[in-house]
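A.B. asks: Have a look at this one.
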Amino acid sequence: MLVIKDLHASIEGKEILKGVNLTVRPGEVHAIMGPNGSGKSTLSSVLTGNPAFTVTGGSVEFYGKDLLSLPPENRSHEGLFLSFQYPVEIPGVSMVNFMRAALNAKRKYLGQEPLSASEFLKLMREKRAIVELDNKLASRSVNEGFSGGEKKRNEIFQMAMLEPRLSILDETDSGLDIDALRIVAGGVNKLKTDNNATIVITHYQRLLDYIKPDFVHVLYKGRIVKTGGPELALELEEKGYDWIKREWD
Amino acid sequence: MSSIKQYTNIFLAHSAAIDAHSAPVLNALRPAALRALENARMPRKGDEDLEATDLNEMFAPDYGVNINRVNLTADPAEAFRCDVPNMSTSPYYFFNDIYHHEAESLASRSDGVIVSSLCKAAIDYPELVARHYAKIAPLGNAQVALNTLLAQDGIFVYVPRNVALERTLQLVNIMNVAQPVMAVRRILVVLEEGAQARMLVCDHTQSREVQCLSNQVIEISLGEGATFDFYDLEATATTSRRASSMWVRQAAGSNLLVDGITLSNGSTRNRYHIEVDGEHAETHLLGMAIASGTQHVDNHTFIGHNVGYCHSNELFKYVLDDRATGAFAGKILVASNAPRVEAYQSNRNVCASSEAKMFTKPQLEIYTDDVKCSHGATVGQLDQDALFYMRTRGIPEHDARTLLMQAFMSDVIGGVRIDALKDRLQHLVEKRFAGAMADCGECAACIKGKR
C-alpha cells in the first residue's frame with residue numbers, strides 16, 4: 001500500500017531525511033525506532049503533508065497514488081492517519097463539531113451522503129467505547145484540558161472514527177502510565193484488520209509488548225540503517241543505540 | 001473646514017422646525033450644545049486614541065438631516081420583520097431616525113415601566129426625562145454635542161424600582177436612504193434600584209448605493225443593585241458609517257453587561273464609556289468584530305473605577321480579513337480611593353490576511369495599590385499547528401480556518417446571557433465566516449419577510 005523510495009526532506013534548509021526506503025503491505029505492523037533526532041517524527045510529518053517540511057527528493061506512493069502531491073486533507077481521505085506525539089489543543093472547537101466536519105469531509109470526498117445527526121452520534125458512542133473515552137471528554141473542546149493519557153486515547157478514538165488504511169502512531173506511548181498504555185494499545189489492536197497497516201514510531205520496546213510488530217526498523221541520521229523482526233527491538237532495549245551508531249558513524 | 005460647521009449651519013437655518021418636531025426637554029439642551037460646538041472640532045486621525053479613524057472625515061460628506069420628520073416608509077415593520085427565533089422580544093424600530101413600534105404599548109403598564117419614543121416620553125413625563133437626558137453624555141464630546149444639537153427623537157426606557165422586565169427589548173435600526181442622510185438617534189435607559197432589563201439593538205442598512213451615517217448616543221443610568229444587559233449588534237453594509245457612543249453610570253451593586261458586536265459594516269467608530277460610582281458593582285464589557293474587504297471597526301472603551309470593591313471584565317476580539325482594519329483603545333482607570341478593585345482587560349486579534357491591519361492600545365491607569373488588574377493585547381495569525389492537525393483529520397483548509405475563526409470568537413459568544421441570542425449569534429458568526437456576509441437583505445439577527 002505504501003512505497004517510500006529514497007525520500008529526502010528538510011526543514012528550514014536543514015536536511016533531516018536523507019534517503020528513506022520503506023514498503024508497507026496491508027495487514028503489517030512496522031515499528032520504527034531510533035535515537036533522538038534521527039528523523040522519526042519528520043518522517044511522519046512529511047508523510048502527512050506538514051507544510052513546515054520540504055520534500056527535496058524521492059517519492060511516496062500510497063495505493064498507487066503520488067501521496068506527496070496531495071494536500072493533507074486528501075491524504076486523510078485516502079486513508080492515512082497520524083496519531084500525533086503532541087496532540088494539538090483547539091479551544092472553542094468541540095470534539096463533536098470537529099469529528100463531524102472530518103467525517104463528512106471524507107464522505108463527500110468518497111461521494112457519500114453526510115451522516116445524519118443520530119447516525120453520527122451513534123457512531124461516536126460506539127467508537128468511544130473502544131478506548132474508554134468518557135462522554136464528558138467527547139463533548140469538550142478538542143484536547144483542551146485533557147491529560148496526557150486522555151489526549152492519546154482521543155487520538156485512537158479519532159483513528160477509530162476515520163477507519164484509516166494506514167495509521168502512523170508517533171510516540172503514542174510517551175507520557176502514558178501503564179494503564180493508559182494498555183487501553184491505548186488495546187484500542188489499536190481492536191482496530192487491526194488484514195486490510196489495514198500500522199507504523200509505530202517509538203523510542204522504547206515497552207509499547208511493542210502490546211502492539212506486536214512484524215518488522216522493526218532503525219532510523220538513524222535520516223536513513224533506515226537496520227531492519228529485522230521483533231527480536232531487533234529487544235536487542236535495542238538491551239544494548240541501546242550505541243552499537244548502531246558505532247556501525248554508522 | 002471642520003465637518004461640524006455644515007451641521008451647525010443646518011441647525012441655525014432650521015432651529016424652529018427642529019424644535020417644532022421635538023419636545024421642550026430635548027430642545028432645552030440645544031443652545032448649550034451649539035455653544036459647545038462653537039470651538040469644537042471633530043477628532044481626526046492621529047488624535048489621542050484615534051490612531052486609525054478619522055471622525056472629521058466621517059462627518060465631512062454633505063449629509064442631509066430629516067428635520068421635518070418625513071416618514072419614508074409607511075410601515076417599516078411591513079417591510080422588515082426582525083426577530084431572534086425562540087426569543088420573545090418586544091420589538092421597536094427606527095427607520096433612519098423615525099421611531100416606530102409594533103408591540104403593545106408598555107406606556108400604560110401598571111408597574112410603571114415606560115418604553116416609548118423619547119420625544120413622546122419627554123412630553124408625557126417631562127420631569128423624569130429632564131432628570132436623565134444628557135446628564136451622563138458630556139457635551140464636551142463633539143459627537144455627543146452634535147447629536148444633542150440635532151436629535152429630535154430616540155427611545156426611552158424606564159424601569160422602576162425592583163421591577164424586572166421579562167421580555168428582552170429589541171430595537172431595530174434600519175437605514176434606507178435615497179440620498180446621503182445622517183440619522184441622529186438617542187437611546188436613554190434608566191433602571192432604578194433593583195430593576196432588571198435586557199436590550200438588544202440591531203443596526204441594519206438596506207440601501208446599497210447611497211452612503212449614510214448613524215450618529216447615535218446611548219445613555220444608561222443604573223440604580224443600586226440594578227441588572228442590565230445591552231447587546232449592540234451591527235450588521236450593516238459597506239455604505240454605512242457609524243459613530244456611536246455609550247455613556248453609563250453604575251450605582252452600587254449594579255450589574256452591567258455590554259456586548260458590542262460588529263458582524264458587517266462599512267466604517268464604524270464605537271465608544272463605550274462606563275463610570276462605576278458605587279461599590280460592589282460588576283461590569284462585563286465584551287466586544288467582537290469581524291471585518292473583511294475594506295471594512296473598518298474601531299472600538300474605544302473606558303471603564304472608570306471611581307470607588308472600591310468592584311469587578312470589571314473586558315474582552316474584545318477581532319478577526320480581520322482582506323484589507324480590513326481594526327482598532328481598539330481601551331482604558332481602565334482605578335481611582336486613588338478605590339481599593340480591592342479587580343479589573344481585567346484583554347484584546348485579542350487575528351489578522352487572517354497579510355494586508356489586514358490591527359491597531360491596539362490597552363491601557364491601565366491605577367492610583368491605588370490594593371488592586372488586581374491585568375491587561376493585554378495580542379495580534380496574530382490562526383494557529384498553524386491546529387490548522388495542520390485539522391487537515392490531517394480530513395477537514396479541508398477553508399473549513400478548518402472557518403472553524404478556528406469561530407472558535408476564536410467562542411468566549412465572546414459565551415458571554416451572552418440570553419440563550420436564544422447566544423445560539424443565534426453562534427449561527428450568524430458561522431455564516432459570516434463561511435463566506436456569507438451578514439446581510440440585512442436576508443438578515444442577521446433578523447429575518448426579513450412579511451409578517
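The values are calculated or read from the model by the stated rules, or taken from the named source; none is laboratory data. These figures come from a predicted structure and were not determined experimentally. Backbone-built Cβ (ideal geometry, glycine too); neighbour counts: all protein chains shown.
A.B. asks: Conditions: (1) within 10 Å of chain B (Cβ to nearest Cβ); (2) in contact (Cβ under 8 Å) with a residue 40 or more places away in the chain. A:VAL96 meets all but one. Number of the miss?
C.D. replies: Condition not satisfied by A:VAL96: (1).
A.B. asks: Is it the case that segment B:416-430 has a residue that's surrounded by 23 or more Cβ atoms within 10 Å (Cβ to Cβ), closer than 25 Å to A:GLU73 by Cα and more than 8 Å from every other protein chain (Cβ to nearest Cβ)?
C.D. replies: Yes; the residues of segment B:416-430 include at least one that is surrounded by 23 or more Cβ atoms within 10 Å (Cβ to Cβ), closer than 25 Å to A:GLU73 by Cα and more than 8 Å from every other protein chain (Cβ to nearest Cβ).
A.B. asks: Please pick out the residue among A:GLY240, A:GLY222 that is among the small types (Gly, Ala, Ser) and in contact with a strand residue (DSSP E or B) (Cβ under 9 Å, 6 or more places away or on another chain).
C.D. replies: A:GLY222
A.B. asks: Which of the residues spanning segment B:364-394 are surrounded by 15 or more Cβ atoms within 10 Å (Cβ to Cβ) and more than 14 Å from chain A (Cβ to nearest Cβ)?
C.D. replies: B:LEU364, B:ILE366, B:THR368, B:VAL371, B:CYS373, B:HIS375, B:ALA377, B:VAL379
A.B. asks: For segment A:22-42, state whether one or more residues are over 22 Å from A:THR172 (Cα atoms) and either surrounded by fewer than 18 Cβ atoms within 10 Å (Cβ to Cβ) or more than 12 Å from chain B (Cβ to nearest Cβ) (or both).
C.D. replies: Within segment A:22-42, none of the residues are over 22 Å from A:THR172 (Cα atoms) and either surrounded by fewer than 18 Cβ atoms within 10 Å (Cβ to Cβ) or more than 12 Å from chain B (Cβ to nearest Cβ) (or both).
A.B. asks: Restricting the search to segment B:330-356, which residues are closer than 30 Å to A:PRO72 by Cα and surrounded by 16 or more Cβ atoms within 10 Å (Cβ to Cβ)?
C.D. replies: Passing the criteria: B:ARG348, B:ASN349, B:VAL350, B:CYS351, B:ALA352, B:ALA356.
A.B. asks: Here are A:GLU113, A:GLU73, A:GLU89, A:GLU61: which of them is of a type in the set (D, E, K, R), facing another protein chain (nearest Cβ under 9 Å) and surrounded by fewer than 19 Cβ atoms within 10 Å (Cβ to Cβ)?
C.D. replies: Just a single option satisfies the conditions, and that option is A:GLU89.
A.B. asks: Next question, about the same structure. Identify, by number, the condition in (1) in contact (Cβ under 8 Å) with a residue 40 or more places away in the chain; (2) more than 22 Å from B:THR168 (Cα to Cα) that B:GLY394 doesn't meet.
C.D. replies: (1)
A.B. asks: If you don't mind, another one. Scanning segment B:216-258 for residues that are buried (at least 24 other Cβ atoms within 10 Å of the Cβ) and among the charged types (D, E, K, R), which turns out farthest from B:VAL159 (Cα to Cα)?
C.D. replies: B:ARG241
A.B. asks: Something else about it: Anything in segment B:94-153 that is surrounded by fewer than 18 Cβ atoms within 10 Å (Cβ to Cβ) and at pLDDT below 90? List them, or say none.
C.D. replies: B:GLU102, B:ALA103, B:GLU104, B:SER105, B:ALA107, B:SER108, B:ARG109, B:SER110, B:ASP111
A.B. asks: I'm trying to understand the selection: among the residues of segment B:200-227, which are part of a strand (DSSP E or B), out of contact with any Asp or Glu (no Cβ under 7 Å at 6 or more places or on another chain) and farther than 21 Å from B:ILE67 by Cα?
C.D. replies: Listed by number, the residues that qualify are B:LEU200, B:CYS202, B:HIS204, B:GLU219, B:ILE220, B:SER221, B:LEU222, B:THR227.
A.B. asks: Taking the stated definitions as given, is B:ALA407 assigned to a helix (DSSP H, G or I), modelled with pLDDT under 95, more than 25 Å from B:ILE274 (Cβ to Cβ) and of a type in the set (A, V, I, L, M, F, W, C)?
C.D. replies: Considered against the rule, which asks whether it is assigned to a helix (DSSP H, G or I), modelled with pLDDT under 95, more than 25 Å from B:ILE274 (Cβ to Cβ) and of a type in the set (A, V, I, L, M, F, W, C), B:ALA407 comes out as yes.
A.B. asks: Can you name the number of the only condition in (1) touching a His at 6+ places or on another chain (Cβ under 9 Å); (2) away from chain A (no Cβ under 14 Å); (3) part of a loop (DSSP other than H, G, I, E, B); (4) not hydrophobic (A, V, I, L, M, F, W, C) that B:PRO339 fails?
C.D. replies: The one condition B:PRO339 does not meet is (1).
A.B. asks: Which condition from (1) of a type in the set (Ser, Thr, Tyr); (2) under 23 Å from the mean Cα position of the chain (by Cα); (3) under 30 Å from A:MET99 (Cα atoms) is the one that B:TYR344 breaks?
C.D. replies: So the condition that B:TYR344 fails would be (3).
A.B. asks: Condition first: under 30 Å from A:TRP248 (Cα atoms) and either buried (at least 19 other Cβ atoms within 10 Å of the Cβ) or in contact (Cβ under 8 Å) with a residue 24 or more places away in the chain (or both). Can you find one or more residues in segment A:120-135 that meet it?
C.D. replies: no
A.B. asks: Residues that are closer than 23 Å to B:ASP19 by Cβ, at least 2 per element: which strands (runs of 3 or more DSSP E) completely within segment B:104-179 meet that?
C.D. replies: Where strands (runs of 3 or more DSSP E) fall fully within segment B:104-179 and carry at least 2 residues being closer than 23 Å to B:ASP19 by Cβ, they are B:114-117, B:155-159.
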